[in-house]
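A.B. asks: The structure follows.
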Amino acid sequence: MFKKTITNSIKPLNIRNSFKLNQFYSMSTAIKAESVKITTPNGHTYDQPTGLFINNEFWQSSNPQKKLKVEDPSTGKHILDVESCTAEDVKHAIDVSYDAFHNKQDQWAALDPYVRAEYLYKIGEYLEKNLDLFASIECMDNGKAFNLAKGDIQVAAQYFKSASSYNMDGRFIETGDTHINYTVKEPLGVVGAIIPWNFPFLIMSWKLVPCLFAGNTIIVKPASSTSLTALMFGKVCQEVGIPAGVVSIVPGPGSIVGDILAESHKLDKISFTGSTTIGKAVATKATQSNLKHVTMELGGKSGHVLFADADLKKSIPNIVNGIFKNAGQICSSGSRLYVQNGIYDEFLKEFKNYIETQIKIGSPFDPENYQGAIQNKSQYQTILDYIKIGKEEGATVLTGGESIGDGSNGYFIKPTVFVDTKEDMKIVKEEIFGPVLTVGRFDTVDEAIKLVNDSEFGLGAGIETTNLSTALYVAKKIKSGMVWVNEYNDFNVSVPFGGYKQSGYGKEMGAEALAGYVNVKAVRIKL
């Protein structure tokens, strides 16, 4: 619960909002960016920021011809353009963030941590008051079902409000009468956060909350195709009074923004969520530059196990949620299902019927639709290519296996289930990141464990069983950072999330997340 003793303790800070100019920014080139009035498909009219959020203002790029085009993936229609960072812009944002941490510590890093928590609490309140608007923007920008987008914003708001569950407490260490020993938690400094397009606002919140509570400053790079709610967060920072320079938001291509953040010696940490391939490159650059701290939440090819004693009426919706939620665009999706012999045929019959009668696909703003659009054209084509590969490899399509339309009016793909799969098939081994499930079979508990663990990834896993002993045994043996039992893809802000193996390292959410944003200093005093 939020500490009542500090309620309303926020006082105006001595914040200098002047736009500190460097060699790339002169009074003639530093131009504020105008917002654009947008109406979402469900009728919310609002002012959308389009500029780079630096020093608590929205600015045009130093090359205003460079823009990021934003489209609605459920219609394929252009929404608007936003500014795209040049290398000079990113370096300037780094300078501002560095200055805010190292030269203006009294404005953020030196505050009582629970005063910082109250700022974050107010952000949570703001999000709750504007829940439908933020969900509508996310839905329009990302293509996910509105109810899912609404859930994302609700969880993010909850996380901001729960910030005071963290603490910056050190500990006293007893070593006898000759010394006093204690530890202190201190913020790292400047953090770069690289956000994916599948959960643009939610995953951004996972990085913002522990980072800001600890007293760091942060530079957020949203995905190029989903920057709208990130830029809206800049307005939230203005509204609640986050000091200038503490949060910067810099949309732009990864080859410019991401690389500069990873390589900068002024940054102390990179928190990256995205593909394993790109994550490896980012981690290498971050390490080779100045050995900065790194959190990596990467790809997955998660296994979901259905035991013969499971309740199919409950397990089938769990399996559907595991793979078809957000159109399968979740790094922890249970994309490999293993069904115990004895119920295999019965399950496939009921599963096929459930998918074809209960899962509706289409406009994300229609509350009847469970699955919205694939987020972008490139990913849409990648998924279709994998479906084609699966057919060529000899797997059988139980249901789906095709797009809805040709992609000219939105990117929709039917929930697809492959059976008769073999473990060496590409569709079984490689992350597809779409609504595609492979189904295998097993006999014994240990065989199921071996199948789940036979992957280079280790992000999520699922177990469907009514036997508690089986659940506990399998959960212990699975090599994965997250294991769900009799549910899937359900997240709670108090529960840490992160991977094993090539799914990354470090944790988001939970008490464990704060450890990634602090240094621990030990002090030993001889008496």
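A.B. asks: Estimate the FRET efficiency between Asp420 and Ala515 by the formula 1/(1 + (r/R0)^6), using the beta-carbon distance for r and 51 Å for R0, to the nearest 0.05.
C.D. replies: 0.70
A.B. asks: Return a whole-number percent for the relative contact order of the range 163-238, with Cα pairs under 8 Å and 6 or more residues apart as the contact set.
C.D. replies: Computed value for the range 163-238: 29 percent relative contact order.
A.B. asks: Find the relative contact order for the range 303-492 and round it to a whole percent, using C-alpha pairs within less than 8 Å whose residues are 6+ positions apart.
C.D. replies: Once normalised by length, the contact order is 30 percent.
A.B. asks: Once the piece of chain linking Phe172 and Lys37 is laid out straight, how much longer is it, given 0.36 nm per residue of separation minus the C-alpha distance between them?
C.D. replies: 43.1 nm
A.B. asks: Another question about this same structure. Might you report the magnitude of the Cβ-based charge dipole of the range 299-455 about its Cα centre, with Lys and Arg at +1 and Asp and Glu at -1, to the nearest 20 debye?
C.D. replies: Approximately 340 debye in magnitude.
A.B. asks: Count the net charge of all other residues whose Cβ sits under 15 Å from the Cβ of Gly407, scoring Lys and Arg as +1 and Asp and Glu as -1.
C.D. replies: Once positives and negatives cancel, what remains is -1.
A.B. asks: For the chain, with the dipole built from +1 on Lys and Arg beta-carbon atoms and -1 on Asp and Glu ones, taken about the Cα centre, which of Ser494, Thr86, Ala244 lies farthest toward the positive end?
C.D. replies: My answer, from the dipole projection, is Ala244.
A.B. asks: Once each part is reduced to its C-alpha centroid, what is the distance from the range 199-220 to the range 359-378 in angstrom?
C.D. replies: First find each Cα centre; the distance between them is then 28 Å.
A.B. asks: P(r) for the range 86-237, please, calculated from all Cα pair distances in 5 Å bins and given in %.
C.D. replies: P(r) for the range 86-237, in whole percents per bin: 2, 9, 16, 18, 18, 14, 10, 6, 3, 2, 2, 1, 0.
A.B. asks: Considering only Gly192, Gly303, Ala448, whose Cα is most displaced toward the positive end of the charge dipole of the chain, charges sitting on Cβ of Lys, Arg (+1) and Asp, Glu (-1)?
C.D. replies: Final value for the positive-end residue is Gly192.
A.B. asks: So, one more: Do any of Lys161/Lys325; Lys185/Lys501; Lys349/Lys479; Lys301/Lys429; Lys122/Lys235 go past 19 Å between their Cα atoms, and which?
C.D. replies: Distance filter (> 19 Å) returns Lys161/Lys325; Lys185/Lys501; Lys349/Lys479.
A.B. asks: With r defined as the distance between the Cβ atoms of Ser289 and Asp490 and R0 fixed at 30 Å, what FRET efficiency is calculated, to the nearest 0.05?
C.D. replies: 0.20
A.B. asks: At R0 = 51 Å, how high is the FRET efficiency between Glu447 and Ile404 if r is their beta carbon distance? Nearest 0.05 is fine.
C.D. replies: The calculated FRET efficiency here is 0.90.
A.B. asks: Highest mean first, what order results for 387-394, 297-304, 166-173 on Cβ atoms within 10 Å?
C.D. replies: Result, highest mean Cβ count within 10 Å first: 297-304, 387-394, 166-173.
A.B. asks: Oh, and also: Taking the beta-carbon count within 10 Å as an exposure proxy, list Glu83, Glu447 from fewest neighbours to most.
C.D. replies: Placing the least packed residue first, the sequence is Glu447, Glu83.
A.B. asks: Right, next: Would you list which aspartates and glutamates come within 19 Å of Lys280, measuring only between C-alpha atoms, while excluding same-chain residues fewer than 8 positions from it?
C.D. replies: Asp259, Glu263, Asp268, Glu297, Glu430, Glu431, Glu456, Glu508
A.B. asks: Would you list the P(r) distribution for the range 303-492, with all Cα-Cα distances sorted into 10 Å bins from 0 and each bin expressed as a whole %?
C.D. replies: Reading upward from the zero bin: 10, 39, 37, 13, 1, 0.
A.B. asks: Still on this model: Based on the mean of other Cβ atoms within 10 Å per residue, sort peptides 325-332, 113-120, 490-497 so the most packed one is first.
C.D. replies: Listed from highest to lowest mean packing, they are 325-332, 113-120, 490-497.
A.B. asks: What ranking do 519-526, 358-365, 269-276, 239-246 get when scored by the average of other Cβ atoms within 10 Å per residue, highest first?
C.D. replies: 269-276, 239-246, 358-365, 519-526
A.B. asks: How many angstrom lie between the C-alpha centres of the range 278-324 and the range 443-473?
C.D. replies: 15 Å
A.B. asks: Restricting everything to alpha-carbon atoms, can you work out Rg to Rh for the chain with a Kirkwood hydrodynamic radius?
C.D. replies: 0.99
A.B. asks: Counting each DSSP H run of 4 or more residues in the chain as -39500 (n - 2.57), what helix-only mean residue ellipticity at 222 nm follows after dividing by all residues, to the nearest 500 deg cm²/dmol?
C.D. replies: Calculated at 222 nm, the ellipticity per residue is -10500 deg cm²/dmol.
A.B. asks: Which value, in debye to the nearest 20, gives the size of the charge dipole of the chain about its Cα centre, when Lys and Arg are +1 and Asp and Glu are -1 at the Cβ?
C.D. replies: It comes to approximately 1200 debye.
Values in this text are rule-based calculations from the coordinates and carry no lab data. In this text, all values refer to a predicted model and were calculated from it rather than measured experimentally. Cβ atoms come from the backbone with ideal geometry, glycine included; neighbour counts cover every protein chain shown.
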